[in-house]
1. Are any of the pairs K220/K311; K183/K220; K79/K145; K183/K322; K186/K212; K186/K220 more than 20 Å apart by Cα-Cα distance, and if so, which?
2. For T185 and S284, compute 0.36 nm times the residue count separating them, minus their Cα-Cα distance, and round to one decimal in nm.
3. Whose amide H sits under 5 Å from the amide H of S56, counting only residues 5 or more places off or on another chain, with H placed in the peptide plane?
4. Spelling out what I want: for every residue of region 88-101, take phi, set θ = phi - 60°, compute 6.51 cos²θ - 1.76 cosθ + 1.60 (Karplus), and round to whole Hz; glycine and proline get x.
5. Please compute the contact order of region 4-298 in relative form: average sequence separation of alpha-carbon pairs under 8 Å and at least six residues apart, divided by the residue count, as a percent.
6. Dipole of region 4-298 (Lys/Arg Cβ +1, Asp/Glu Cβ -1, origin at the Cα centre): which of S227, H192, G46 lies farthest to the positive side?
7. Tell me, what HN-Hα J-couplings in whole Hz come from the Karplus equation 6.51 cos²θ - 1.76 cosθ + 1.60 at θ = phi - 60° for each residue of region 45-56, using x for Gly and Pro?
8. If each residue's Cβ is checked for other Cβ atoms within 10 Å, how do V78, V228 rank with the fewest at the top?
Amino acid sequence: MSSLTFTEQTQQIPIVNLSELDPSLPGGDQWEAARAAVAAALRLHGCFDAIYAPLSPELRDSLFCHAVSELLALPLEVKLRNSSDEPFQGYIGQIPNMPYESLRVDSAPSPSAVEEFTQLMWPQGNPTFRNAVIAFTRPLQDLMKIVHRMILESFGVESLYESFQSSISHGLRLSEYGVPFDKETKIAMVSHIDPNLMTIVCQHEVEGLEVKTADGDWIKVVPSPNSVTVMIGQAFQVHIVGKFDVLDRAWTNGRLRAPVHRVKMTGDEGRFSALYGSRPNYNSIVQTPEEFINEENPRLYRPYNYTEYMKFRYSDEGKGHKDPFISFCGIGQETTA
Ligand SMILES: O=C(O)CCC(=O)C(=O)O
Ligand SMILES: [Fe+2]
């Protein structure tokens, strides 16, 4: 018998089937119906579960049953080679009271980038790992293109799609969670909003991801072998900004919201997840397009340098702010530390 409460069991994030769609062939009844469902889900929750058949259970198995466990089992000094000048863009781990480790394959599924990462970890080569990462990430890249395009279309700015795509970078983060040290809260990753544009989360068997609703309830995202979870990040919120979408990220009755989420592990098993993310290019400026600004919707965020924001967000100074994002680029909004 499950120990979940009635409320937790009955709430779930929307599910949208995008299996039959091709990012380079937008349009048609099926596309438009799916786009309406995606737009509604992102307005309400900032996320949804995408069923996407090209990401087959076989591709997921070859990533999680072999590649991820082999990577995370490497000695620490090898994993530390996955370094980056930008905060949280390479190896993450060794955080006090947090049994969590994670590495990032920058620019996956580009074969040369994945090969470079593989060589860094296994100088003798590891074609099985490289191929599993490329095969797993390719459909995720298509899925992300579909959702990016649908978002721009749903706001009538599809003409910005090509320039938007060329202003962003991608990466695959592979993570392992041990059983949380705090047996009471069972929190494995504290609640947060992703700073990037979009994250697609693939949970492997063991659940943990939870998303906060506008009413403040936590919804458990149950892993399924056929779906992945698509989430909006803060930078997209700036691109597609809503008049009311400030400080508390309240339900805006309109535009998109970047959802607050966390990882909570209730069982006694470890957990793997893979996150495919898009973010603005290194040192690029994130700016709400003029198309979204008018008298009723004044600019809410100053144009900001994404890399500089990442540095601020994770600095001692940034951590002291209630909402480092608003402090960094909010216009006329509360900035109290
Ligand atoms: O592992 C997960 O399910 C989500 C992790 C997450 O939210 C993050 O790394 O930002
Ligand atoms: Fe996150």
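Bear in mind these aren't lab numbers, they're just calculated from the coordinates by the rules spelled out. Bear in mind the structure is a predicted one, so any value in this text is a computation, not a measurement. Positions of Cβ are generated from backbone atoms using ideal geometry, with glycine treated the same way; all protein chains shown enter the neighbour counts.
1. Over 20 Å apart, Cα to Cα: K220/K311; K79/K145; K183/K322.
2. Between T185 and S284, full extension yields an extra 31.8 nm.
3. Counting only residues 5 or more places away or on other chains, the set is empty.
4. 3J(HN,Hα) across region 88-101, in whole Hz: 6, 10, x, 4, 10, x, 6, 8, x, 6, 9, x, 9, 9.
5. 23
6. Of the options given, the answer is H192.
7. Once θ is set to phi - 60°, the couplings for region 45-56 become 10, x, 7, 7, 8, 9, 7, 8, 4, x, 8, 6 Hz.
8. V78, V228
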